Every structure is written in structure tokens, then in C-alpha cells.
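Just below is one structure, and these are the notes that go with it.
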Amino acid sequence: FAILIWSLVYATIFAPLIFRYVLNKFAQGQEAEAEQAQPNGDDVFATMERQISQTSALSQNSTQVRLSLQMSLGNLPDLYGEQKEHDKKAKLAAARSILEDLTNAKVKKTRLRAMVDAKKDSTAAD
């Protein structure tokens, strides 16, 4: 019986310490990976588009599965979960609009730069 008590005491003391150490090592590894994989400007757009499309597909699939599961089990809907899902969809829509605005701004910037270069060339020719 004493062995059981001492094992519980040791587990209570050492488990949080070991978990903190392992978690810090993992976080440092994740930060190092993130620093190595810094994308340039064009890759940011591609990454955002990929993340939005993946989130959208997962969101649609999870909603369908959840509704079919609720219907089969006869459970009441989870209002808190549905509100979180609605908020996630609203954030996703906002991210899409921001990404679209950024893409439009990039196109506009390119077009204006071409106009300025053409104007410089025409004044240099005169």
C-alpha cells in the first residue's frame, strides 16, 4: 500500500514538471520550423488560399456529419457549438474578402506600375 501512495505522490509532483519540459522542447522545435519556412509575398497568398479552401471543406463535412449524427441519435442540437461554427464561418468569409481585396490591390498596383513605366518611357522618348 505504501508503494501505491508513494507512486501517486511522485506522479503528482513530477508529471507537471516533465510535461512542461517536453512541451517547451516541442514549442521550440515548432518555432524553429516556422522560422526556416518563412514564405515570400506570393507564397503568402497561396498559403492563405489553401488554408481557406481546406477550412471550408472541413467545415462543410463536419456540419453534415454532425447533423446526421444528431438525427440518428435523437439528440438536441448543440447551440454553443453551432454558434462557434457560425462565428468560424463568419471569420472565414472575412478572411476570403480580405484575401480578395489584397489580390485586387496587387493587380491594381501592377497595372499602375505599368502605367507609370509607360509614362516614363514616353517622356524619355520626347
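Can you name every residue in the stretch 81-98 that is closer than 22 Å to Thr47 by Cα and open to solvent by less than 60 Å² (accessible area, probe 1.4 Å)?
Ala90, Leu92, Ala93, Ala94, Ala95, Ser97
So which of Arg96, Arg50, Arg66, Arg111 ends up being modelled with pLDDT of 90 or more and in a helix (DSSP H, G or I)?
On the way: Arg96 fails: modelled with pLDDT of 90 or more; Arg50 fails: modelled with pLDDT of 90 or more; Arg66 fails: modelled with pLDDT of 90 or more.
Unique residue meeting the criteria: Arg111.
The values are calculated or read from the model by the stated rules, or taken from the named source; none is laboratory data. Everything numeric here is computed off the predicted structure, so don't read it as measured data. Each accessible area value is taken on the protein alone, full model and side chains, heavy atoms only, with ligands, DNA and RNA left out. Shrake-Rupley method; radii C 1.70, N 1.55, O 1.52, S 1.80 Å.
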